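Each reported figure results from applying straightforward, stated rules to the coordinates on display, with no laboratory input. Being a predicted model, the structure only gives us computed values, none of them experimental. Here the Cβ positions follow ideal geometry from the backbone for every residue, glycine too, while neighbour counts run over all protein chains shown.
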């Protein structure tokens, strides 16, 4: 029983981490008023660049760095399109996902089925061998701890720091923020790049720790679920943790139940996380007042100075 | 990096750039593709020829183009209507799949019915399947305030897994040697070929007709007028008393129904059975078709043909150049990027920002 519980918690943590990383990045972008629907594409590009860098340097850590840059590079394209050239954010986000899919499968074509480096797990003699608490608390890879630290920092940044206040002001009223003298474009550019870097990191986690290998379209909709998580959390960092672990658990359970060989066909169980996403979104979004209260007022709206 | 060019508003949209922008974007995309091929160690000129010209000039090229374009045009026209109304249905892929499943179900259940009954029934099933999938998103949006982008996209994954379940489980062909596919549909459930000896089927005729019908709906009916007002001036629409909910329903049902019909034509025509892979991403490409076609159903016809060519080019690049056919996805993504970038010229006049003190101060 304790063995099962340990492996369950460890697996759920691994399944939740990419969701948490990507959603944390998207949260910051959305709080600044940028709706980047390209999370899925940025995750895929992050996954493939991470894997390729990791493969050639034989270092998972450098791979993770590469993944972060890959995601950020793609988000820079989005930022130029929507912030400099004032394109429609929905369309640009979709373009990012379509391009990301194509680019990642082209770049990764030669790497399918190859073993890459794997992000090492923490090993503290004594502590990591404890039953249950050893593997779950002291035996994870660095990014699982990193995801908590980044989330805590983002929470602090958004809710306690002056810079975070400015970022939220830009997201809630870009005209007012501009009138006070803040550069809306510059702040949103930064937030978008952070979102892209985090999505890339999430992708790198998939290809260097979770799977760990490269396969075409390996993120399988996690980028979209991360977007849904931000709505689920009603744009609050704390709830993001709850949401990411809830969905991580559902994703792991759908894999686990398939492994048990129960009578429910595996394809239908695989569909479960996506169905749950819709149901959960409906439960949250039904409360229009709560959504309106928490959603950044300028979410998805372009800002042109001097117009 | 942030404000290297200053954008001066034109005051009103430039009619010239509305149509010149896609042309410019296409030219730039071809150049970028050439650079991409060069980066992959191919001669850019020859590779671009293989990708974009050779598929057309070879025997049967035009009919292959028509077959690939049919689903893109049908879905692109529906999406044009949707997006004009600011209803962001991006789950066409799922609606396409559900349409195909429903049509396939009818075809498999009553294979011996005469064609005049079975074929129209399969068509209706396709439309209903696609429209029902879209209706779910419409209901979630209008009743429960759920963003239609996310709900329609999630349904795409659900539809794909449902298809896999059906073709590996209850609907699997018992004589299929264990392959995950259904039996071939009977002759009476097969889409008729219009030009003997080519692949051009009834759907290739339906696609432009559907686009024209959507255009008529948008430009000639009160409903179409309301749809456009809701999209362009939601406040005005509210003052005029247009029901936003009703228009969301209409937009979703039309685009979903067309996607379902496209799915029906695809599985009863070129494919002839249900398999786990019935679409190379037509539903997502249709989004590009809609934008490239200037959110105009007739424009979707031309845009659909171009993007169909990118699929043929991807296959040709795979066979003749040994490149992964993922180049199609890159071409499509770059095209949409550049189109969005060029579209800035419709509303703004670009001016180089002078690095002098006054301007730098203003930029900060």
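Under 20 Å from a point 7 Å along the Cα-to-Cβ line of residue B:198: which residues of the range B:32-63 have their amide N that close?
Only B:52-63 pass the distance filter.
Over all residues in A:100-108, what is the mean tally of Cβ atoms on other chains that come within 10 Å of each residue's Cβ?
Details: counts 3, 7, 13, 7, 3, 6, 10, 3, 2.
What the average comes to for A:100-108 is 6.
Considering chain B as a Gaussian network with a 10 Å cut-off on Cα pairs, which listed residue, B:206, B:16, B:96, attains the greatest mean-square fluctuation?
Greatest mean-square fluctuation among the candidates belongs to B:16.
Please report how far the C-alpha centroid of the range A:32-59 lies from that of the range B:171-243, rounded to the nearest whole angstrom.
If we compute the Cα centre of each part, the gap is 35 Å.
Order by neighbour count: A:40, B:148, B:93, fewest other Cβ atoms within 10 Å first, most last.
Lowest count first: B:148, B:93, A:40.
Please work out the Cα center distance from the range A:195-215 to the range B:64-135, rounded to the nearest Å.
For the range A:195-215 versus the range B:64-135, the Cα centre distance is 35 Å.
Please give the average number of partner chain Cβ atoms lying within 10 Å of the Cβ of each residue in A:256-268, rounded to a whole number. Before the final figure, lay out the partial values.
Numbers: counts 0, 0, 0, 0, 0, 0, 0, 0, 1, 7, 5, 12, 6.
Mean shielding count: 2.
How high is the relative contact order of the range B:56-307, in percent, with contacts defined as C-alpha pairs under 8 Å that are six or more residues apart? Please list the in-between numbers first.
On the way: 526 pairs, mean separation 102.8, N = 252.
About 41 percent, as a whole number.
What ranking of B:83, A:256 emerges when the number of other C-beta atoms within 10 Å of each C-beta is taken as an exposure proxy, fewest first?
A:256, B:83
For residue A:236 paired with residue A:304, estimate the spin-label separation in nm (one decimal), with each label point 7 Å from Cα along the Cα-to-Cβ line.
3.8 nm
Sequence gap at least 6, Cα distance under 8 Å: using those rules, report the relative contact order of chain A to the nearest whole percent.
Relative contact order here is 36 percent.
Return the single residue from A:149, A:180, A:250 with maximal mean-square fluctuation; model: Gaussian network over chain A, springs between Cα atoms under 10 Å.
Of A:149, A:180, A:250, the most mobile in the Gaussian network model is A:180.
Any idea what the relative contact order of the range B:212-254 is, in percent, if you count C-alpha pairs under 8 Å spaced at least 6 apart?
Rounded, it is 24 percent for the range B:212-254.
Calculate the mean, over all residues of peptide B:159-169, of how many other protein chain Cβ atoms lie within 10 angstrom of the residue's Cβ.
The mean count of partner-chain Cβ atoms within 10 Å per residue comes to 4.
Cut-off 10 angstrom, C-alpha nodes, Gaussian network model of chain A. Which of A:169, A:47, A:67 fluctuates the most?
Looking only at A:169, A:47, A:67, the largest GNM fluctuation is found for A:169.
Quick check: from the Cα gyration tensor, does the protein assembly as shown come out rounded (a/c under 1.5), prolate or oblate? Could you put the intermediate results ahead of the total?
On the way: a/c = 1.44, a/b = 1.13, b/c = 1.28.
Note, shape of the protein assembly as shown comes out rounded.
On a C-alpha basis, how far is the centre of the range B:314-337 from the centre of the range A:115-192 in Å? Whole number, if you could?
A separation of 36 Å, based on Cα centres.
Want the number for residue A:59 to residue A:186: 0.36 nm per residue separation, take away the alpha-carbon distance, what's left? Could you put the intermediate results ahead of the total?
Working: separation 127, 0.36 × 127 = 45.72 nm, distance 3.37 nm.
Taking 0.36 nm per residue and subtracting the Cα distance, the gain is 42.3 nm.
Relative to the longest principal axis of the C-alpha atoms of chain B, give the angle of the C-alpha long axis of helix B:202-220, reported between 0 and 90° and rounded to the nearest 10°.
50 degrees
Once you order the gyration tensor axes a ≥ b ≥ c over the Cα atoms, which shape class does chain A get: rounded for a/c under 1.5, otherwise prolate or oblate by comparing a/b with b/c?
Since a/c reaches 1.5 and a/b is larger than b/c, the shape of chain A is classed as prolate.
Helix B:61-84: angle to the longest alpha-carbon principal axis of chain B, degrees 0 to 90, nearest 10?
Helix B:61-84 and the main axis of chain B meet at about 60 degrees.
What ranking of B:42, A:115 emerges when the number of other C-beta atoms within 10 Å of each C-beta is taken as an exposure proxy, fewest first?
A:115, B:42
Once the Cβ-Cβ distance between residue A:127 and residue B:349 is put in as r, and R0 is 45 Å, what FRET efficiency do you end up with, to the nearest 0.05?
So, using R0 = 45 Å, E works out to roughly 0.10.
Output the 0 to 90 degree angle, nearest 10, between the alpha-carbon long axis of helix B:115-144 and the longest principal axis computed from the alpha carbons of chain B.
Roughly 40 degrees between the two axes.
Which shape class applies to chain B: rounded if a/c is under 1.5, otherwise prolate when a/b exceeds b/c and oblate if not, where a ≥ b ≥ c are the square roots of the Cα gyration tensor eigenvalues?
Verdict is oblate for chain B.
Using 7 Å Cα-to-Cβ label points, what is the residue B:112/residue B:245 separation (nm, one decimal)?
Once both label points are built, they end up 4.8 nm from each other.
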